[in-house]
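The values are calculated or read from the model by the stated rules, or taken from the named source; none is laboratory data. For clarity, every value in this text was computed on a predicted model and none was experimentally measured. Using ideal geometry, Cβ is built from the backbone for each residue, glycine included, and neighbour counts are taken over all protein chains shown.
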Amino acid sequence: MLELHNIRKSYGTQQAVKGISFAIRAGETLGLLGPNGAGKTTTVSMIAGLIAPDSGEVKLDGRSLGGDTDPLKARIGLVPQDLALFEDLSARDNLSLFGALYGLQGAALNGATAEALSFTGLTDRAKDKVKTFSGGMKRRLNLAAALLHDPDLIILDEPTVGVDPQSRNAIFEGLEALKARGKTLLYTTHYMEEAERLCDRIVIVDHGEVIADDTVAGLTRRLPLRNVLRLELENPPPGAWAEELAALPGIVSVRLEAAVLSVGLAELGPGSAAALGWLTTRGIAIAHAHTERADLETVFLALTGRTLRDA
Amino acid sequence: MNLTALWALVRKDLKLFLGDRRALILSLAAPIVIGAFFGFLFSGDGKKDTAKIPIALVDLDGSVLSRAVGAKLAEDKLLLVRPESEVQAREAVRKGRATAAVVLPKGFGDSAANAFFSSLGKPEVTVFYDPSHGMEMGLLRGLLTQAAMEVVSREMFTGDTGRTVVKRTLSGLDTSGVSSAEKAPLQDLLRSVDRWNAQQSAAPEKQRSGGLSLPYTLKEEPITAGSGIAYNGYAHSFGGMGVQFILFMGIDAGVALLVLRRSGTWQRLRAAPLGRRGILLARALSAAILATGILLVIFAAARLLFGVRILGSFAGFLGITVAFALMTATFGLLIAALGRTPEAARGLAIFGTLIMVMLGGAWIPSFVFPAWLQRATLLVPTRWAVDGLDAMTWRGLGFSAAVGPMAVLLGFAALFGILALWRFPFEDA
Ligand SMILES: Nc1ncnc2c1ncn2[C@@H]1O[C@H](COP(=O)(O)OP(=O)(O)OP(=O)(O)O)[C@@H](O)[C@H]1O
Ligand SMILES: [Mg+2]
């Protein structure tokens, strides 16, 4: 449905996007992941036709956008990273405006507005001015505003920034419902767990370049570690014993934070047996244990040698 | 172009404006209050007590003639004459208590009478004046000439001094250096005057002629929309202040787009298939609708409060209003486009509006400008708006007088609109 061919964009001497290519199939949810300044918003802006690439092509259903009044733009719904709302208008007025921008009017507009309000759980507050809303409610309305014209491709640029867990959940349920309806989603974030929960495929960008493009399972398969064993210790003894543990075969990494020991394992069965056996012989008591799949944070670390937060 | 989208954006702007109390006050209350103030200052209502020009009179002669000149000046309704000593008079002018001081020198009466026919030995009348009142100085010069001519000529053709002077001039003619060709006719003239004077002094007082006087009487009639209709200074001041504050509103509208550009809303608008032309057009339309509404409300207030009426073509008034509204709207967009950031645009706006408003004649009517400036300000669109509104209100002209201003304003609107579309920073935030 959407194809990017080697798109580039510079701001002065600053190369924000240095030749990004990827594609999204209809109905797919793609996570566009990267640290601050990686070029996510710039990429998304080129897809939505807000800025023109210096070179390369963006194709929607095999066709490039022809100018800023191309009706093809109506296939896209954009949820910008910064809130796109008029604070002094009511929620309903905001939605009607964004619907009308795509030519909706009359009963069709009213219907779409009511549906978008209920979809994001804001029906009760429809008549209130947006400036009286909480941050989470504004984010939900920001999402609703992109849905009125029923686009096929919905681009979400960090739609959960600064959002409380309750609103974040509401947004996620909404996105899952859209996915279930067969919509194509392009989801930009630097929260690993979000991309993992929602996306079929993940494109990781850094410094304006794609450094990985794979399914979640595919990405984890490429890693030297697949699983993490997390152990809460009752009385972790002092000393450099953790390094001894890391030297055991099948154990890739060991990290002790407070009383939580994280042990990275290449293979779950042999690795955990070795680790648990070693701890038991040293008399180190374990209060609680569980295993996790390696997360995208770990993936990013493995691919770039940097953590996401300080990239 | 998608009209649904366009109209939705226009409605949004109108809603936001009407919901913003500060914008309403600035655009409606301020021009009404300030228009009322300026109207009061410049209005014809003031004619009952128009400030008179204060003049100090120093009479060092004290003769019949000098006293008569003083009395004549004092009669004039434009002057407030106060007799003073020479020292006091100088001080009064220096301190601004008097606009000018007229000093009639010692021997003024005699010398003036002698110089009347022979133009010899003219007395020197001194006027001290305040250099910041050049216009009043011109007026005083005229009034002084009139008073002196009337007083001296009456004396020469009727009074006793006149008879003595005519006789003396006659006998002095041989030694006066007048050429022999002129001597005979002048002798004839003076002898006739002498006979005339003899006859006059024999006649009863009532039938005597009054000497030279202005060869006409003056009837002053202000030319306005029609006879019996007085000039209404409020019409001009409300037009001028309306123009000024609507310009502010237009610039605010342009700057609002720049502010919007810093938020996600801008991306959101741009993502819709309306296009950049649609976004600017919607903003121009909403600003023009607001400008039209504001000007109509301002004139409605002027009508209710001060009886300002549209004495000319109402269609012309509406046409100029709408053309001015479009010009304002595109001017605001142009300022925004050139400024590129809200801060820079506001700086530019101060400069832009000052020029538009001052040179446009919104504060001071343009007819008091020097001629070259009046010609130069034809390049300022507000000049056409202010003059056009004047023409349709108190001047009471017909629709044909509105066509020129309308065409010029629409031309400026098109020019500003095209420049704004070309220069507006759509992309780089
Ligand atoms: N209008 C602009 N002018 C100049 N530089 C810009 C502009 N927009 C973005 N950049 C630069 O381009 C690079 C990519 O920015 P972009 O906003 O695309 O990153 P991002 O991945 O969306 O980051 P974030 O996670 O912080 O939103 C950054 O270095 C940024 O400073
Ligand atoms: Mg971004």
Legend entry - Residue among A:T29, A:T69 that is more than 8 Å from ligand 1 (Cβ to nearest atom), of a type in the set (S, T, N, Q) and more than 18 Å from A:E158 (Cα to Cα): A:T69
Inset, instruction - Can you give me the number of residues within region A:172-218 that are within 16 Å of ligand 1 (Cβ to nearest atom), over 15 Å from the mean Cα position of the chain (by Cα) and of a type in the set (G, A, S)? - result: 1
Inset, instruction - Kindly state which strands (runs of 3 or more DSSP E) lie completely within region A:14-74 and contain at least 1 residues that are within 14 Å of ligand 2 (Cβ to nearest atom) and in contact (Cβ under 8 Å) with a residue 12 or more places away in the chain. - result: A:14-24, A:29-33
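A quick yes/no check of all residues on (1) within 26 Å of the chain's Cα centre (by Cα); (2) surrounded by fewer than 20 Cβ atoms within 10 Å (Cβ to Cβ):
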{"position": "A:R63", "(1), (2)": "no, yes"}
{"position": "A:T69", "(1), (2)": "no, yes"}
{"position": "A:D88", "(1), (2)": "no, yes"}
{"position": "A:D93", "(1), (2)": "no, no"}
{"position": "A:A100", "(1), (2)": "no, no"}
{"position": "A:G103", "(1), (2)": "no, yes"}
{"position": "A:G106", "(1), (2)": "no, yes"}
{"position": "A:N110", "(1), (2)": "no, yes"}
{"position": "A:L122", "(1), (2)": "yes, no"}
Inset, instruction - Kindly indicate whether A:A74 is facing chain B (nearest Cβ under 7 Å) and touching a Lys or Arg at 6+ places or on another chain (Cβ under 6 Å). - result: no
Legend entry - Selection within region B:372-429 - part of a loop (DSSP other than H, G, I, E, B) and closer than 16 Å to B:L318 by Cβ: B:T393, B:G396, B:L397, B:G398, B:F399
Inset, instruction - Check region B:237-253 and report whether any residue there is assigned to a helix (DSSP H, G or I), modelled with pLDDT of 90 or more and within 14 Å of chain A (Cβ to nearest Cβ). - result: no
Inset, instruction - Kindly provide the set of residues from region A:44-71 that are away from every other protein chain (no Cβ under 11 Å), among the acidic types (D, E) and farther than 19 Å from A:V210 by Cβ, ordered by number. - result: A:D61
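Let's see how each residue does on (1) modelled with pLDDT under 90; (2) in contact with a Leu (Cβ under 8 Å, 6 or more places away or on another chain):
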residue	(1), (2)
A:V203	no, yes
A:R221	yes, no
A:P224	yes, no
A:V228	yes, yes
A:N235	yes, no
A:G239	yes, no
A:L245	yes, yes
Inset, instruction - From A:T160, A:T120, A:T132, grab the single residue that is without any contact (Cβ under 8 Å) to a residue 24 or more places away in the chain, in the same structural domain as A:L101 (by TED's automatic domain parsing) and closer than 16 Å to A:A84 by Cα. - result: A:T132
Inset, instruction - Specify the residue that is nearest to B:R268 (Cα to Cα); the eligible residues are those in region A:156-171 that are within 16 Å of ligand 1 (Cβ to nearest atom) and of a type outside the set (D, E). - result: A:L156
Legend entry - Residue, farthest from the other protein chains (Cβ to nearest Cβ), within region A:77-99, restricted to residues that are among the charged types (D, E, K, R) and closer than 16 Å to A:A112 by Cα: A:R92
Inset, instruction - Go through region A:35-52 and count every residue that is of a type in the set (V, I, T) and more than 8 Å from ligand 1 (Cβ to nearest atom). - result: 2
